[in-house]
Each structure stands twice: as C-alpha cells, then as structure tokens.
1. Nothing charged except the Cβ atoms of Lys and Arg (+1) and of Asp and Glu (-1): what's the magnitude of the dipole of the range B:374-481 about its Cα centre? Round to the nearest 20 debye.
2. Tell me the net charge near residue A:227. Cut-off is 10 Å between Cβ atoms, residue A:227 excluded, with +1 for each Lys or Arg and -1 for each Asp or Glu.
3. Dividing the Cα convex hull volume of the range B:365-426 by residue count, how many Å³ per residue is that?
4. Where the eigenvalues come from the Cα gyration tensor of chain B, what are the semi-axes √(5λ) of the equivalent ellipsoid, largest first, in whole Å?
5. So how exposed is residue B:424, as accessible area in Å² (1.4 Å probe, rounded to 10)?
6. Give the lysines reachable from residue A:196 as a straight Cα distance under 27 Å; neighbours fewer than 8 places away on the same chain don't count.
7. What relative contact order, as a whole-number percentage, does chain B give when Cα pairs under 8 Å and 6 or more residues apart are counted?
8. Leaving out ligands and nucleic acids, and using a 1.4 Å probe, what accessible area per residue does chain B come to in Å²?
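The values are calculated or read from the model by the stated rules, or taken from the named source; none is laboratory data. This is a predicted model, so every value here is computed, not measured. Don't worry about glycine lacking a Cβ; one is built from the backbone with ideal geometry, like all the others, and counts go over all protein chains shown. These area figures cover heavy atoms from the full protein model, side chains too; ligands, DNA and RNA do not enter into them. Shrake-Rupley method; radii C 1.70, N 1.55, O 1.52, S 1.80 Å.
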Amino acid sequence: MHIQAKSIEEAVRAHSTEGEFRAGGTDVQERIRAGNLSLPIIDIQSIAVLDEIEFHESGTTIGALTTLESIGNHDQLQRDYPAFTLPTRTLATPQIRNFATLGGSLCQRTRCWYYRHPELGCPKKGNSDTCLARDGNHQRGVCFDFGPCVAPHPSSVGCALLTYDAQVEVTGRGKISIGDLYGDGSDPTREHTLEKGQMITHVHLPKAIENEKAAYYRMMSRKWAEWPAVEVVTRLMLDGNVISDAKLSLGAVANIPFRLTEVEELLIGNPANDDTFQSAAQLSVARANPLPQTGHKLKMVVACVLHTLQQAVATT
Amino acid sequence: MTTHTHINGSPVTLDHDPTDAAVEVIRDNAGLTGTKLVCGAGVCGACTVLVDGKPAASCCMPACSLEGKQVQTIEQFGRSNLHPVQKAFLVHDGLQCGFCTPGFIVEAIYFYDQWREQNGTAAPSRETIASAMAGHLCRCGAYEGIYSAIQAACSGDFDGVAIDDLEFARHEGIAKVTGEAKYTFDVTYDGMLVAKFLSSPHAHAKVISIDTSAAEKFHGVEAVVDVLEDPHRVVRYAGQPILAVAAIDEATASQALAAIEVEYKVLPFVIDPVTAHQSDAPVVYPESKKLTPNASEGPIPPGFWKGNIRTPLTNKFLSSKKGKARKALAAARSGEDGLHLIEHTFSTPAQTHTSLEPHVCVANWDGRKLTVHSSTQSVHLLGKEIAKHFKIPRRDVTVHAEFIGGAFGSKQGLILEIKTAVALALKTERPVKLAFTRDEEMVLGGFRPTSEIEMALVVDDDANQRGITATAWGCCGTAVQSQNAPWIRLLYNGPKDLKDFDVLANWGTARPFRGPCGPSAFWALEQSVDQAAVELKMDPITLRRKWDPNSVRGNLYDWVESIDTWKQRPETGSQSGRFRTGVGVAIGNWFNAFWNGAQVKLDLTTDGLVASCGVQDMGQGSRSVIGKAIADELGISFHSIDVQIGNSDFVPGPISSGSRTTASIYPTSIEAASMMREKIVSAAKAKLGLRNPQWTEGKLSYNGGTMDLAELATKLSPLSVTSKKRGSNGLWDVMGKLPSGDLGMNFTLSTTGSICLIKLSVDTLLGKIHPEKVWMGMAVGKITNPILARSQTYGGIIQSLGITLSEERKWCPTTGTLLSFGMEDYRIPGIGDVPEMEVHFDESGFEKTMKGGACGMAELSNVPVSAAVGNAVYHATGWRPKVLPLTPERVIGNV
Ligand SMILES: Cc1cc2nc3c(=O)[nH]c(=O)nc-3n(C[C@H](O)[C@H](O)[C@H](O)COP(=O)(O)OP(=O)(O)OC[C@H]3O[C@@H](n4cnc5c(N)ncnc54)[C@H](O)[C@@H]3O)c2cc1C
Ligand code: SF4
Ligand code: FES
Ligand code: FES
C-alpha cells in the first residue's frame, strides 16, 4: 500500500510495476480525496540530496525535490533564468509553492474537470476509453488540438523550461530534453512519456545568457491563484535593437506545452519594434485548430504573445 | 503508519493511514479544529498551518510529511498570548463569519515576521499583501479589514498593546481569531457515526430499485435511510442524493456506498436554460408540478405551466400602466419622432453561495432528548420545525448554532442534511455527523438564480421616461420562484409592463442569496438608464434625479456628485489607447424585513449581565448588535456583557434572512435593557432600601452614593427580564400577519437606497477589467455599529464583483454533471481582486417608518454593483456588456 523510499533505487524498484510517486503531494493529495490515484504510494520526499541547486561551468543543475518556492525566490536563478523563475513565483499559491517540488510540477496530472471528477470516466484515469470532454464541455480546453486528450497540459514550469532547452535526468533514460519528456501529445493516458520505474532526479539548465529579456503572462479572470486560460513564456536576446534570438512557449492551450518555433524564426533578425511584434503575435495561432468551444482562446493567445513581447523589451 | 512530529511545541505521535493529509491528522487525531478543511484542493487556505516555519496547505500535504517537523497551528496563538496580527484583525475587523480567519492569521503571522525582519515598521502595500495572501479565500469578503489589519500590525500599531486596551466591534472576535470558536463542522461526540450520501450520477432518471443488502451487512454500517423525497422516485439532477449511510467512519461509509446497487431508468434531461425554453425540450417535471421546491423566501404564488416554463399569476400585479408602456414601446419601435428606444437582452449566471463551512449537521438522540448542531440561519425556527417533523415535543429538541461559517441565504429551515442526520440519529440512537463534501456543497448547496431579461426603455427628447417593458426568465434549476422582474419596480415610477417567468433545468435547487435576483434586475435596468443618458446626452445622475425625486436617494446623488473621480471623469468614449479608465454609477433598492416575534432575555447574575436570544450569527455580528444596544442603553462596557446566542432553547430570535436580523434584534435589545434598568432601580428601592435611586451614566446613583453593575450584581442577582414581542406598529404588523409567515416587511421604498460608484481600468489588449475603487453610498437608517456595517457592505460589494467578473458555473452538456464542482473552477474573488472601497452611510429619512431605525443592508450593498461595472466599462470603451461574468474571454475582442 505504501513505500517510504529512502533512496532513488528503492523508489524506482517500488515503482517498477505499479504505483505512484509522491513528492510534495500537492497534486496527489487532492486526487486521493477524489479516489483517483494508483497505489501503492511511493513517498520520495525523504530521499536525500535531491533538493539542491548547483551552479557549474556548463549550466545549472536542480534536484527534483527542490521546492518551487526555493527556485522562485533564488536570487541567482532569478538573475540567470528569469523566464523560469517568473512562472515559478506566480503559479498556484504561496502555500503550495512552499512544498510543491520541481519534479512534481513537471509530472503533475491534468486539471481536466472530467479527470478530477470522482464519478466521471476518462482515459487518463484508466476507467474509460472515451474522452467525455471532446464532445462535452471543453470550454477551458485546447485550441491546438494535438492528440486525443483535449485538456491543457498543467505544467507552467514545463512550459518555461522549454524556452531554455532544459534537460531532465530520468532514471533508466539518462538526460532527455524537456520536449521528449512531454512527447507529442498522442498518448491518451499520460501527460508525459515516463514509463514505470522512471523518475526524474534532476533538471539541467544550460549556461545562463547575459541580458536576456524575459516576460511571462498568464491570462486569468482573477489576479492570483487561478489556472491560466493561456500562458506564454517569452525570452528575447537583443543585439542593439535587432532580435538575435527568441524563444517562446505556450501553455494551457494544448495537451503538451510547446515552442512557437515559427514565431521565433519570424522574430530573429528583425528589429524589436511593434510591427515585428504584431506580425509575430498574428503568426502565433497559425497552427491552431480550436475545438468548437475554444475559439475564444485564439484572440487570447495573440494578445498574450504581443503583451509578453512588449513586456520583454520593456524590462531593463 | 506512524508519524512523529511536534505540534505547537509538544511531541505528538500520530497513527494514520498513508493516504491521510496533514489536515486530517491535525483535526481528527490531534483534535485541533482551529485548522479548517474547506476546498481540500489547495485553493482556499483555510487549512493553513506552519510546517518548520513555512505556511502549508495542510489539505494538500501528506500527513507523513510532518515526520520530524515543527508544526504550528492557530492554537499556538491563544487567548493568553495574542499575536499583534490577531489584535489587528480584531480592531480592523478582518473577519466576519470567522471560518477563513485561522488560515489567514497563520499566514499573516508568517508574513509579519518576514516583513518586520526585512522592512522594520514600514507598512506593506496592498499589492504586497495581496500576493502574500493569494492562497486564501474569504467568502464573506473581509478583505478590506484584512488589508488594514496586516498593514497596521506590520507598522507596529499593536506591538505591546494589552488585550484589555483593544477596542473591537466583534463581540466574539477573540474566539474567532484564536480558532477557539467551534462550528458545527468541528463538533464531535464519542462514538459518533459518519454519514454520507449516495447520489445519482444521472441528471434525470427514475429509480427502479435499490439493493442495500450487501452494504448493510458491512461491519460498521449502522443505518441506511432513503432520502429521495420525490413521490415519483425520480432524480432530477446529477448529484441528487438518494440514500444516506451512517457508519463508524468515513472509509466504511464509502465502502458501503460502493456496494449499493441502484437500477435507474435514464430519462432525457436539459441543462441549458435557453434549450429548456424550447417546446421540444425534455421536461424537468413531466409527472406533476406540485412538488417543485421554492427558491425564494416568500410563498409560491399559483402559476401555470408550459413545458419547463412557469408563469406565476403574480405577473398580473407586476405591471403598472401596462398599456401605456406597451404603446410607448410600439411607437418607439416604429421610429416615432422624438422617442429613444433602449432595447437589449441582459443576462447573468447562477452564483453559488460557496460558504466556507459546508452544510453540516450533527444530531444526537439519547432516547429522550434530541440535540442538533447545525450550520443554520434559523436556529429558533429550526427547533420548531424539527420537533414538528419528527414528532418530538418541542422542549426535547435543542438546536445549537453558536458559530456559522457563512450562509448567505443557503442555510434556512429543515433542509436535507439536517433531516437526514436527525433521521439517522433517531434510527441508530447514536450521534451522527453529516457534512457536505465540497463537491456536494457546489451541487446541493444552492445558488442565486440565473437571469435573462429582455428590456426596453423608452424616453422622449425631454428626458421623460415613457415606459419600461421587461420580460424576465430566471432559472432556479429544479426549483421555482426566480423573480427577476419584480425588483425592477423598486426604482423609478412610470409605466411598466413586466413579465416574469421561471424556466426549469436539471440542476440542483436555487436558494435565496443576498438580494436574490436584485443584482440581475438592476444589471438590466441601471444599464438601460445609463444608456438613456448617453442617448439623451445627459448626465446620468441628473437623469436619475429627474426620474427619482426621492429625497433619501437625493442625498446619495449629492454625495456622489461631490466625489472628484465623478466630477473629473473623462467624457464617455473619449479615450483611446490600450488602458482606459471607466467611471460608472448605478443605484439600487431593496425592501426590508423584520420579525415581530424576536425577544431578548437579560439576566443579572453574580457574574454580571447575560443577554440571550435564539438568534444566530453568520458573520453579520448578532452578538455585537445585542451587546452594543444594551451597552449603549445602559451606558456600560460592551465587553462586560455576556451575549449568548445560537441555541433554540433561548427566547425566540429571528431567522437571519432578508436582512432581518439587525432590524429585529436591535430594538428588542434596547427594550430589554431599559426593562432591566427599571427592574434594577425598583429592586434597589425595594430590596436594598436605597433612596431616590436613578440610573445615570452606567451606574445607579441614589441619595448618598453610587453603585456599579458589579456591585449590584452581587446584591441583587438574580434579576431577569425578557423583552416583549413587538406591539402594534401599524403597517409592520399588518405585513407580519401575511401568510408568508411571521415576517414583517417594509415596502416603503422611499426610505432606502444605495448607490455605487466605481472606477476601473480596462486593458483593451488583454480584455482585463481591473476595479480600482468602489464608493458605496447606503441609505439604511440608523447605523447601530459602523464598523460591522462597513464590513457587511464590503462583503456585499465583493460578492457582487465576483459574479460580475469571475464566478461562473460550468456544466457537461452530455452527462448533465456540474463540472465546476471545486473551488479552483468556481472562482470567487480573492484578496487581490478587491479594490479600495469607501462606504458612506446616510442615516436620514428613516426615523418615520422604522422605529428604532435600524435596517438591514446585506442586499443594498450588493444589488447595484454589477450595473455600475457595466456602466463604467461602457464609459471607458463604448462597449455595452450584456452577459456576465466579464471574464477576459467575454471582453477580449469587444473593446
Ligand atoms: C490552486 C492551485 C493552482 C495551481 N496552479 C498551477 C499553475 O498555474 N501552473 C502549474 O504548473 N501548476 C499549478 N498548480 C499545481 C502545482 O504546481 C502542483 O500541484 C505541484 O507542482 C506538484 O508538485 P508536488 O511535488 O506536490 O507533486 P506530487 O503531488 O507529489 O506529484 C505530482 C505527480 O508527479 C509525480 N512525480 C512527482 N515527483 C516526481 C519525480 N521526481 N519523477 C517522476 N514523477 C514524479 C507524482 O507521481 C504525481 O503523479 C496549482 C495547484 C493549485 C493547488
Ligand atoms: S482524455 Fe483528457 S480531456 Fe478527455 S476527459 Fe480525460 S483528461 Fe479530460
Ligand atoms: S482546505 Fe486546504 S486549501 Fe482549502
Ligand atoms: S470571514 Fe472569511 S469566510 Fe467568513
């Protein structure tokens, strides 16, 4: 029923056939209340040395058990990786960030209301083959329809790490890119590509770039503590007034977070001015294929992309 | 498993299940019930405790994570060592019902410590406080007090201030800021059973058979009762309870539920009220319309039905000069010269009460006496109702509701959880607790009906109002009595053609909610009036003055006209650029009610004065009203009076609805105090032989000396007085005898009113509306307690901003399930969403109608807000919003 793992090996062994890791437990506990968890619970929280932040020559390594609070409020991380710390500081609530872990934030399960409802079926819960949201209510669903599941991927942190081409270290798989962690969204049963016995131990960020301009925006109806309807992480590197490099990723609009590579290509080499930003924003929905009830998100994506580009250049 | 931890400094060993969350072991194993469990999903912060010094959402923290940790709960900060933050919450009234308060205080103490370390006694900004408190929700809307409390505490205002030197308005405040206050949700008995509902997964189905035999054989299952009252054995919404099981613990009850077999015949259902209109829509009550629950506080008038549409016969009395209004409309529609037609369809969604304390009842039957703890707004009446329903002598039934964690209209009378818990207690002869889970609360707890109002307003070039026509549809789910149109009559004379309809859908039942459909009626009316001013190129207040010559509201207009923001507002539609400022105004009105049967008993005991009344407090401050009335009348200190409420054995108190509480208990408390004064004076003469005794300035003076209350208490107690039921009060009494029960109502609409001025900014790129400041002017007669009155008003504003900007229920059209069943998907305002607020009370004009002069204000503070926002958005952008809530998705692209 329950394993209190003291080492990575012990955790991975326990997980090899069935069960679910529990790190901060902020996602797991909520699902326990709705009866939506695969047993046994494998607690990994007391595994030593997985909560360290290490700066080295080639970049930065962060243990999977590091809390979001210690990442978001870390001075050097804020300086070196602003597009990573911005969402980390503003997602969820202070109490959640105090105990939620980096690994958990990447691997948390979907917030789809069908999935979270104690009575309803969903392929991700394993109690149904059909997605009720697709023909039901998907007003908060995807507008980039990449695969069977139409619920947005929940991870803001994953979305941010994409813009840094971060790598995750996974037991049995070594270092994989964050993109590979999430795959292409075609798996109806999971939000990521981790198999049984695979656990994230660390996240690696490449060497910091000086003077990157970062912005993050989450579209919410309230000020704080709400799941975004759209979120955008934007990083710009400028050479004078010319954009020398750009990394943008979108969250809350597809079943995986993803990079807006076409927008990045448009931006690079162009002046950082409103004309460029307007065209970039318009292009951001080129790949969109909204569902019947998510058309409204397109305007939001365009507005959020434009807003973050403007914000980014306005930062000093 | 076992977890070793320290709670509030003491080592504790906890035996628990690996799946348990910290909140469960803190409340159930350690018995520390100051920590609340509300959303169970990390959203509301009511469960906040400090773990190794850091705030944690204990509902989302595994219990085993407490191993080796230092845990601090609200109980760490008790009565004898109040933290400056707690003192500040008391003095700045950062609380109402108090259910969210322990969580807020624990977080605020953490924030205070950090802030003081880094910033000394500088005051933190509202922004800073909002981001620190972002993980807390307060449904009463005590945020304004919370802001000022945290600022004051951080600035050092309460450093070293002794508790006796604090002046605060909430009589029971200390119990609430220390987590001592025991709500029904916190009540436990030895051997108490836990009850849970089995609910229908179908939105409409006939229950063919139920097999409970397997469940009843489970070890630990003590009783199963049927709770489906429908004589046709039909469930009409998903999540409707069918059975309840009482078992030794929650896990056993859940297992038993899973073993019950129910056979359903699934029937067609309808969720969207617009679809429900259509003639071929599935009918919610195909068998008979006799059993539709009542969503209002008044009686159900007769009506006739067509499919899901009900037309109440009261429609006959709604209109005045109907023909004239229709004619004006026809003329305006045909384009007659000199007429302006403002014609739109406005709609508002359902709003769930979302009290932080769920509907909950604990019942205990000892074979002779029934004790019921209930989170109820009607403790006195409930005692009667339970006695009658279960055929138990009234004297053998006691209902307790000492503390209530919010209600807002949703907890009146003998409702499902109470009936069920009592039935199970009677059956098992053991204490039984039945609390709605948060999912159940969202489905069953009630909501404000929806509205769709087709409104037309005709004015002529001379700004004369020529007529208003409105057809209103309201959805109460499976209930009736939405009543959107009647409130249109609360303002402005003139020809009116009003029609009101219920449209039913397969949802749970609506319940009264703070001015039920007032906000929606004014959302339509006051935006139409604003639009009329636009068409006439007139100042919106000048136009209202013309149509509403009432002097009380005239004072409110004067007040708004004196505010710089109003005077200096830019011209409508004159702004360009991304961010635009909007300034809007709207007025509202409400009737007010009272209960003639309310009494207060006052005892002089050796310990001092004890006041008691069978009333309850859901955060509006009943204890304070009684205490203050008596204290002022006798000239003594408010805190020296022991005020006891929330018990049905006490003398009758009013039901707390229709803003009736203060209006009912304030005058009767004064009466009790003056009776006690006379009794003391005459007893001093008769028993103590004092000469020429007189009560002056809180003391008894007589020839040769004075005596204070404490001394009198030792010499004269016991003395006891009970105020009388109210005598004849003309109109009041007539109304009090109406069949709607023992309630009195004041329909003299010329004496009340509210006005809301709002300044907001619209981000036209992102579709975000940011309210910056709200001014609320209230004409509600005498303000008995300004601090509490202000808090109530803030709460009304905030709840209204919720439905205006973010609150929205979401349904699955194919399964009929409520999808916004948690507090992360049903979005009530947080502290960061609350603008600055300024409240102005105009106390004039009331004396003539209401003796004692106190009148409720819950509704008045709530009804004009949405419309003021709508008008401000129009002012900023030239776009007239019609559908609430104004979430970014509705605004973006329109502005
Ligand atoms: C009100 C609210 C709002 C929120 N808003 C946001 C938001 O906007 N954006 C956002 O990103 N998040 C949001 N969150 C979610 C929050 O970020 C997650 O709950 C949290 O990050 C999960 O971390 P944890 O350590 O508690 O994970 P746990 O609950 O312990 O685990 C979550 C999942 O991850 C798996 N897991 C954990 N660690 C590992 C590992 N090392 N390797 C492999 N699998 C692992 C677990 O098995 C489990 O399935 C919100 C939460 C709340 C309550
Ligand atoms: S598959 Fe995805 S969208 Fe469909 S119900 Fe499950 S989580 Fe929701
Ligand atoms: S009960 Fe824990 S956050 Fe709401
Ligand atoms: S005082 Fe905050 S919920 Fe009632």
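1. My answer is approximately 1020 debye.
2. 0
3. 74
4. Square roots of five times the eigenvalues give 41, 36, 30 Å.
5. Ignoring ligands and nucleic acids, residue B:424 comes out at about 0 Å².
6. A:6, A:124, A:125, A:175
7. Worked out over chain B, it gives 13 percent.
8. 33
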